[in-house]
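Shown next, in structure tokens, is the structure this report addresses.
The values are calculated or read from the model by the stated rules, or taken from the named source; none is laboratory data. If you're wondering where the values come from, they're calculated on a predicted model, not measured in any experiment. So basically every Cβ, Gly included, is an ideal-geometry build from the backbone, and we count neighbours across all protein chains shown.
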Amino acid sequence: MRELDARLRRAMDTMRVADVHSHLGGIRQAQTLADIASYHWLSVELTRAKGSPIEANPRRDPEGYLREVVPLFPAIRNTVNHYAFVGILRDLYGFQDRTLTKANWQAADEGVRAHADDPAWLAAVLDRAGIERILVAINDGMPDDTPRYVPYDYGEPVYATRSLEPFERWAALGISVPTTPNELVAAIETRLEWLAAGKGARALHVWAPGTWNYRPVQPSEVAPIITRLNADQPVSEADRDTLASFCSDVAAAGAGRRDMVIQLFHGAIKYTPKGYCAAYYNPEFLRSRALHFERHPETTFDVFLATRAASQEAVFLSRACRNVMVSGGWWMGFSPTTLGTFFRDRLELLPNTAWNAFYSDGYIVEWCYGKLLVTKNRLARALGELVEDDFISEDDALDIAQSVLYNNAVAAYGL
């Protein structure tokens, strides 16, 4: 790493960080080395290196899983996920080697197991990372009642509704399956009020179908679709898109009134119903939402990208719409080259108050830490390049880093 980048990188380790999207449910902290090594995005690379599915289950048979995958690690030592994995082991558990081998994996596993039942480990890792605020799904439950943990909800059932099935699950809230557009609006409002006032939710997670292009929809267009759904009659994909567009406007307006951010994921698609996700670009997805963003000026939208193909367009939407931010990089966008593109586009074209550099999407706290290592590495490089090219000063770079790692998220999400 260049000396300038290294200085910026060291300074970032003293900065506060906000993680605006995680999945710290279930075990939350690793119980064995297998929990870290089987992180889904790393597991894809190990499976590809093997050339066939990994047979052992990391939770039921962690030692069997590790014996199966350890020989595969040399084949993936060039990948960004390997970099994050080794960084986790090095910084948190004292690992000294380049990769896992038959000679060192058992010692590494013992190091992880030593903290498995430590109730202070979750907070200790977040402290080590400097993560002072982290959004956690309501369904996963908050680890404790301190302000560090901030709730969000999976908002697809209200924002991108494509059926009436979700409303059947909310009877305890006094919600019944809607039979008219007015009842649909009332049900969405009831759900949002319960989330905001009852649960303190600060955001809605929305992974909408990448093929769905928004358009303004009138209640009269939705009424017959609701009738057909209630009658279990066939409904086309175009009709489901129409229903989703109508609900997205209702939910966006309701979220804005309650100061809830809509986290809009874009750029990933499943090739088959059971297939793995890949980066994907639908040029009409964001383009069609420009009017949607404009119709809801009091609602903050935070766009999470999985493809660099949409980076510049997302930035220009943010330039035009003061209520649109862009944050971090989603799974498929979490590589050095793609993060470099994201950060340079944002640095060159947006005010440094208009975007966030990081969210982990981590399922255990160790991977929240590991993905932050990659983020800081690329942010230091992007800022260092601007300093070297005399666009900004080194002091400017440090100020910007603190803004995009913490300050902007705190302001946008009301943290």
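Tallying residues that are farther than 17 Å from Pro283 by Cα and hydrophobic (A, V, I, L, M, F, W, C) within segment 312-325 yields 4. Taking the criterion of being in contact with a helix residue (DSSP H, G or I) (Cβ under 8 Å, 6 or more places away or on another chain) and closer than 22 Å to Tyr159 by Cα, the only residue of segment 270-279 that qualifies is Cys277.
Residues in segment 253-269 that are touching a helix residue (DSSP H, G or I) at 6+ places or on another chain (Cβ under 7 Å) and either hydrophobic (A, V, I, L, M, F, W, C) or buried (at least 18 other Cβ atoms within 10 Å of the Cβ) (or both): 8 in all. Among the residues of segment 167-174, is there at least one that is surrounded by 13 or more Cβ atoms within 10 Å (Cβ to Cβ), touching a residue at least 60 places away in the same chain (Cβ under 8 Å) and assigned to a helix (DSSP H, G or I)? There is no residue in segment 167-174 that is surrounded by 13 or more Cβ atoms within 10 Å (Cβ to Cβ), touching a residue at least 60 places away in the same chain (Cβ under 8 Å) and assigned to a helix (DSSP H, G or I). If you go through segment 359-382 one residue at a time, do you hit one that is over 21 Å from Tyr83 (Cβ atoms), of a type in the set (Asp, Glu) and in contact (Cβ under 8 Å) with a residue 24 or more places away in the chain? Checked against the condition, which is being over 21 Å from Tyr83 (Cβ atoms), of a type in the set (Asp, Glu) and in contact (Cβ under 8 Å) with a residue 24 or more places away in the chain, segment 359-382 yields no hits at all. The condition (being assigned by TED's automatic domain parsing to the domain that holds His205, surrounded by fewer than 24 Cβ atoms within 10 Å (Cβ to Cβ) and modelled with pLDDT of 95 or more) is satisfied by just one residue among Arg346, Arg322: Arg322.
Among all residues of segment 361-379, there is at least one that is assigned by TED's automatic domain parsing to the domain that holds Gly210, under 17 Å from Val261 (Cα atoms) and not aromatic (Phe, Trp, Tyr). Applying the criterion of being outside any strand (DSSP E or B) and touching a helix residue (DSSP H, G or I) at 6+ places or on another chain (Cβ under 6 Å) to the residues of segment 191-209, the residue that is surrounded by the fewest Cβ atoms within 10 Å (Cβ to Cβ) is Lys199. Residues in segment 240-285 that are within 26 Å of Ile226 (Cβ to Cβ), of a type in the set (D, E, K, R) and in a loop (DSSP other than H, G, I, E, B): 1 in all. Which of the residues spanning segment 36-59 are among the acidic types (Asp, Glu) and part of a loop (DSSP other than H, G, I, E, B)? Across segment 36-59, the qualifying residue is only Glu55. The residue list Arg98, Arg67 contains one member that is in a loop (DSSP other than H, G, I, E, B) and more than 21 Å from Gln29 (Cα to Cα), which is Arg98. Of the listed requirements (1) in contact with a Pro (Cβ under 9 Å, 6 or more places away or on another chain); (2) of a type in the set (Val, Ile, Thr); (3) over 30 Å from Phe73 (Cβ atoms); (4) free of Cβ contacts under 8 Å to residues at least 40 places away in the same chain, Thr101 misses just one: (3).
Can you confirm whether segment 133-141 contains a residue that is in a loop (DSSP other than H, G, I, E, B), of a type outside the set (S, T, N, Q) and either modelled with pLDDT of 95 or more or surrounded by 15 or more Cβ atoms within 10 Å (Cβ to Cβ) (or both)? No.
For every residue, the table says whether it meets (1) within 15 Å of Phe301 (Cβ to Cβ); (2) assigned by TED's automatic domain parsing to the domain that holds Ser318; (3) over 27 Å from the mean Cα position of the chain (by Cα).
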| position | (1), (2), (3) |
| --- | --- |
| Val206 | yes, yes, no |
| Gly210 | no, yes, no |
| Pro224 | no, yes, yes |
| Ala252 | yes, yes, no |
| Gly256 | yes, yes, no |
